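What follows is a set of notes on a single structure, which appears directly below.
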Amino acid sequence: MILAKTRKLPVLAAATAIVAALLGAAPSAPAAPTAPTKGGSAPGSGQLAAWSPSMTIGGPNFDNRTIRMVVHSSINGHSLRIHLSNLRGTTPLTIGATNVAVQADRATAVPHTEHAVTFGHRTSVTIAAGAEVVSDPVPMAVSADHNILASVYLPNATSSATWHSDAFDTTYLSAAGDHTAEAGDGNYIASTTSWYYLSGLDVVSPDARGVVVAFGDSITDGYNTPTGTYQRWPDDLARRLAATSPMGVVDAGIGGNRVLTDVPNIWQGVSATKRFAHDALGQAGVRDVILMEGINDIGNNAGPGGGPLTAQDLIDGYRNLIGQAHAAGVRIIGATLLPDKGSGYYSGSADALRQAANTWIRTSGAFDGVVDFEKAVADPADPSALDPRFDSGDHLHPNAAGMQALADAVDLHLLHQ
């Protein structure tokens, strides 16, 4: 069995004109559908989510192109299933071919590891607007903290792509035609740092017990972490779990996302309360959710109905998410909001609101457990600011060391109940 190596992926030489030609205007976002909850299972007994970015509307248009994307698995597994999404689309999406292979380097696959992916035993599938499809199992294995390449051919002109804008990984765009089955990268002539239409990887894992979803905003999404290095705090958490009792870890962060209200920039997503059922509770094998979200509500003073935000508004949003999780039989762990003094979001009143929310998270007993992320990265000399050791430079997002500190703050016993 050949396994892909984890490595930093340098950006392929840009073909600026082609990338620019792919960009298109975005339609308005349809409402987020709900999704069934899938409970945890014993190791080896069923599919578990190993990777699944949250998807939004607003991506570019494509026509007769192949997109090759990097998928970084959080657990060991085999019998891979690929999820393709037209969740935020407004017109049907035709997929001409899909292929998965072990990554050798950048857009190059390890020769003879390519596998054609089928959907209902067909290589081509049309996905209705607002829908997603899951592939037939692929007879292939992947290791935790390693990569595969997933290549998707789009034969027809598309409308605005269902995508994840801030992948912090490199995606490769081809010249015209179906290049899904090619091991070499000669026909991949441009690159971006987003994922398109590819919304999940499930595996049958020999050792993982269930899935934990890290649900949040740009801090969870990995903003300001180096491309292709897998230094988001959910990546660090997956590595900690792998050394003790493995679990699939899904990063359901979206930059700019809010708990209570949709973001005017549509690629930053519908509200947490709307997307939670799909993005968190719909993951195969989900057992736990770690929730850290609310700083964008506070920083934008974005209360419901266009009014100013209050601490009670944010608490009501948390209670909504807690209720959704418990109704689905999923445990939900609250994480305190990080300090942000020095950022554009900071003011005395905003910080008071953040601290009120954190006090409620710590003391209300409404969550099934608490992770004190604030304490893990606050400056001891000024607790309203990030510790300079952990500040990426914008005083809001942690650097790689800060991401590791967040992951280290998670009591793994909370996830093993």
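Just so it is clear, none of the values below were taken in a lab; they were calculated from the coordinates. A quick note: this is a predicted structure, and the numbers were derived from the prediction, not measured. With ideal geometry, Cβ positions are generated from the backbone for all residues, glycine too; neighbour counts draw on all protein chains shown.
What is the distance in Å between the Cα centres of segment 349-417 and segment 82-145? Cα centres, segment 349-417 to segment 82-145: 37 Å. For a label point 7 angstrom out from the Cα of residue 352 toward its Cβ, which stretches of segment 304-319 have the backbone nitrogen within less than 14 Å? So the set is 309-312. Largest first and in whole Å, the equivalent-ellipsoid semi-axes of segment 277-417 read 25, 20, 13, each the square root of five times a Cα gyration tensor eigenvalue.
Antiparallel beta bridges, as assigned by DSSP with both residues in the chain, represent about 70 percent of the total such bridges.
A cut-off under 13 angstrom between Cβ atoms defines the neighbours of residue 99, and their net charge, with Lys, Arg +1 and Asp, Glu -1, is -2. When the chain is treated as a GNM with alpha-carbon contacts under 10 Å, the residue of 291, 241, 173 showing the greatest mean-square fluctuation is 241.
Dividing the helix sum by the residues of the chain, where each DSSP H run of 4 or more adds -39500 (n - 2.57), gives a mean residue ellipticity at 222 nm of -5500 deg cm²/dmol.
Sorted fewest first by neighbouring Cβ atoms within 10 angstrom, 114, 293 come out as 114, 293.
Dimensions of segment 46-202 along the principal axes, based on C-alpha atoms and rounded to the nearest Å, stand at 36, 35, 31, largest first.
Of the chymotrypsin sites (Phe, Trp or Tyr not before Pro) found in segment 353-406, no site is in coil according to DSSP while having at most 15 other Cβ atoms within 10 Å of its Cβ. Looking at segment 209-415, the DSSP beta bridges with both ends there are about 15 percent antiparallel. If you plug the beta carbon distance of residue 245 and residue 312 into 1/(1 + (r/R0)^6) with R0 = 35 Å, you get a FRET efficiency near 0.40. When peptides 314-326, 50-62, 125-137 are sorted by average Cβ neighbour count within 10 Å, with the highest value leading, the order is 50-62, 314-326, 125-137.
Here the 3J(HN,Hα) profile of segment 355-363, calculated from phi with Karplus coefficients 6.51, -1.76 and 1.60 at θ = phi - 60°, is 5, 5, 4, 5, 4, 5, 4, 6, 10 Hz, Gly and Pro shown as x.
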